[in-house]
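Take a look at the structure below.
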Amino acid sequence: MNIFKRLFKIGEAETNSAIDKMEDPIKMTEQGIRDMKLDLEKSLEALAQVKALAIRSKNDQDVYKNKAKEYQDKAIIILKKANSKELDAAEADRLAKEALMQKENNEKQLEATKVETEKFEANVSQMQGNVEALKANINNWENELKTLKARVKVSNATKNLNKQMAELDSSGTVSMLERMKEKIAQEEALAEAYGDIANASKSIDEELDKAADTTEAAADDELQKLKEQLGFTKTKK
């Protein structure tokens, strides 16, 4: 049946992850279920028609059976009347023979109808099985659709959340923080470097000042002058 081919294709598509290529998996599944329900309606209609044929064929069996018995009874009555001289023997034989021929014809019809009824009943049984399988498949796919809808909701929510997180990163927030940390580290290193340079320059200046310090010599001169003024020493000529 076409419906089973569609089911196989849908299942195969899902198995092979080809579902991503569909325009809308949910709409496709819903359409598939609608198609299956239409097929179910057609199958039920066909099943009803075949059942009607089976019932009519079975009823025909009763008709042919009753007619065969009726002709058998007529032939008996006619022969009894001929035996009791109520009918002419030759006429009675003709009529009884005709009745028996009709009986035989109805019996043949009865046998043919039995064969026909068996075929109809076999068709009904097969079609009934197909209908039940189709109903089960529709029920299964409706449950699958519910699960699919739930999965889509979850996946969409997850996707949106992940997208938001990704957009936060892509907007430069994380990168900006990293750049800020890098800049701060660079500034700290630069400050330390300037400090080292400043300390180095200061040390050199101190060494130079120490080497060129004239304070002690000046003090010696002032001391000598003061002694001379007090007369403690003789002025050098």
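Details
- Filtered residues of region 50-67 (kept if under 47 Å from the mean Cα position of the chain (by Cα), open to solvent by 90 Å² or more (accessible area, probe 1.4 Å) and not β-branched (Val, Ile, Thr)): Arg56
- Of the residues making up region 76-98, not a single one is touching a residue at least 24 places away in the same chain (Cβ under 8 Å) and either within 30 Å of Met28 (Cα to Cα) or in the same structural domain as Gly32 (by the TED database) (or both).
- Verdict on Ala90 being open to solvent by less than 60 Å² (accessible area, probe 1.4 Å), hydrophobic (A, V, I, L, M, F, W, C) and in a helix (DSSP H, G or I): no
- For region 68-87, a residue qualifies if it is under 30 Å from Asn123 (Cβ atoms) and either open to solvent by less than 90 Å² (accessible area, probe 1.4 Å) or under 60 Å from the mean Cα position of the chain (by Cα) (or both), and exactly one does: Ala68.
- Per the listing Val152, Val174, the residue uniquely at pLDDT 70 or above and either touching a helix residue (DSSP H, G or I) at 6+ places or on another chain (Cβ under 9 Å) or open to solvent by 90 Å² or more (accessible area, probe 1.4 Å) (or both) is Val152.
The values are calculated or read from the model by the stated rules, or taken from the named source; none is laboratory data. Just so it is clear, the structure is predicted and the values come from calculations on it, not from any experiment. Quick reminder, even Gly has a Cβ in these numbers, built from the backbone with ideal geometry, and neighbours come from all protein chains shown. In case anyone asks, the SASA skips ligands and DNA or RNA and just uses the protein heavy atoms, side chains included. Shrake-Rupley method; radii C 1.70, N 1.55, O 1.52, S 1.80 Å.
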